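Since the structure comes first, as structure tokens, the remarks are kept for the end.
The values are calculated or read from the model by the stated rules, or taken from the named source; none is laboratory data. Every value quoted in this text rests on a predicted model; they were computed, and no experiment measured them. Please note: Cβ atoms are built from the backbone with ideal geometry, for glycine as well, and neighbour counts cover all protein chains shown.
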Amino acid sequence: MSSKSGSGRRYTAEFKRDAVELVLSTGRTPTEVARELGVSAEGLRGWVKQAKIDRGQGPTGALTSDEREELRRIRRELAEVRKANEILVKAAAFFAKEIVK
């Protein structure tokens, strides 16, 4: 299992999946598995929680990883649209002034 990808303590999806499987299949605690793998116990608990949500075992209304990614994408797109709209409003105001002159 390759742990880190980059210097910011980011782990590959494969590493996370394997770590979660260790917790779920062995019945060991996230703290035990995290210590063995050299990762944060709190981080591993989060990965396990998200994996359960993705499998339909989470609380009602919890967002799956796919839903979270879609939400991030839509928020980025909305920010771009708002920025473009702001530019268009300023351009319209500029050209309106030019026409009046």
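What the table below lists for this structure:
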| quantity | calculated |
| --- | --- |
| Single unsatisfied condition, K49 versus (1) in the same structural domain as R10 (by TED's automatic domain parsing); (2) over 19 Å from R10 (Cβ atoms); (3) of a type outside the set (S, T, N, Q) | (2) |
| Whichever residue in the stretch 56-101 is modelled with pLDDT of 95 or more and basic (K, R) and, among such residues, is farthest from L22 (Cα to Cα) | K90 |
